[in-house]
Structure formats: structure tokens, C-alpha cells
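Colleague: I have a structure here, written as C-alpha cells, and I will follow up with some questions on it.
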């Protein structure tokens with residue numbers, strides 16, 4: 001390889017790196033600024049505080065759901081995952097979810113193999 005070909009190859013590599021950096025910056029600009037924004041009204045804050053007094057595990061489950069929900073406020077999480085994250089047993093989590101359902105904390109929908117929490 002001649003010196004000129006080597007220089008051309010080096011310049012092409014630098015150009016490719018700069019192009020990658022530019023594309024990454026453009027991708028960052030396309031991400032909505034409020035992607036991690038969650039809004040709660042004052043009455044809902046009071047209800048959340050009451051939930052924490054009534055059953056702290058239900059509050060923990062609700063917070064995990066809020067942290068992992070998507071843009072449509074939907075979460076798909078297995079009991080095994082909740083057990084692993086919260087360190088609680090299946091029956092304890094089941095009671096907490098029943099409390100959340102009673103207090104209209106969320107709705108659950110049946111999927112083919114799982115229950116969806118919305």
C-alpha cells in the first residue's frame with residue numbers, strides 16, 4: 001500500500017467516525033425531552049400517601065410500575081420479576097396487586113400467557 005493510499009484509508013476511517021458521532025447527536029436530539037416525565041395531581045398524591053400507610057408493598061409495586069411504564073402507561077411484568085426486584089413472595093405481591101385494583105391504581109388485562117398491568 002502506497003503512502004497516498006494509506007492516507008486516504010486513514011481519512012476515510014476518520015470520516016466514518018465523525019459520521020457516527022453526528023448520527024448519534026442527531027438521534028439524541030430526536031428523543032423527546034420529557035420521556036422520563038411523570039405527572040401526578042395533588043389528590044392522587046394524597047391517595048398514594050394513603051396507599052403507603054395502608055400497604056407499603058402495594059406502594060412499592062405501584063412505584064415499580066410507574067418507573068417501568070411505557071408511553072401508553074402500560075407495564076408487562078411477571079411475578080418472578082416483581083419477586084426479584086422487591087424481594088417479596090408471590091402471595092404478598094398478589095395481595096398488594098388486589099389492593100391496587102380495588103383502589104383503581106391500575107387495570108389488568110389478560111394476554112395469551114401473562115396479565116398486563118395498565
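The values are calculated or read from the model by the stated rules, or taken from the named source; none is laboratory data. Here the structure is a predicted model, which means the values were calculated and not measured. All Cβ positions, glycine included, derive from the backbone under ideal geometry; neighbour counts span all protein chains shown.
Colleague: Could you please find all residues in the range 83-104 being in contact with a strand residue (DSSP E or B) (Cβ under 8 Å, 6 or more places away or on another chain) and without any contact (Cβ under 8 Å) to a residue 12 or more places away in the chain?
Modeller: Scanning the range 83-104 gives a single hit, 101.
Colleague: Could you please find all residues in the range 64-94 being loosely packed, with under 14 Cβ neighbours inside 10 Å and at pLDDT 85 or above?
Modeller: If the condition is that a residue be loosely packed, with under 14 Cβ neighbours inside 10 Å and at pLDDT 85 or above, then 67, 78, 80, 81, 84, 87, 89, 90, 91, 94 are the ones that fit.
Colleague: Separate question: For the range 70-78, check the following and say yes or no: at least one residue is over 18 Å from residue 104 (Cβ atoms) and either part of a helix (DSSP H, G or I) or outside the structural domain of residue 104 (by TED's automatic domain parsing) (or both).
Modeller: no
Colleague: Could you give every pair whose Cβ atoms fall below 8 Å, whose first residue belongs to the range 43-58 and is more than 14 Å from residue 104 (Cβ to Cβ) and in the same structural domain as residue 82 (by TED's automatic domain parsing), and whose second residue is at pLDDT 90 or above and not in a helix (DSSP H, G or I), counting only separations of at least 6 or pairs across chains?
Modeller: 57/88
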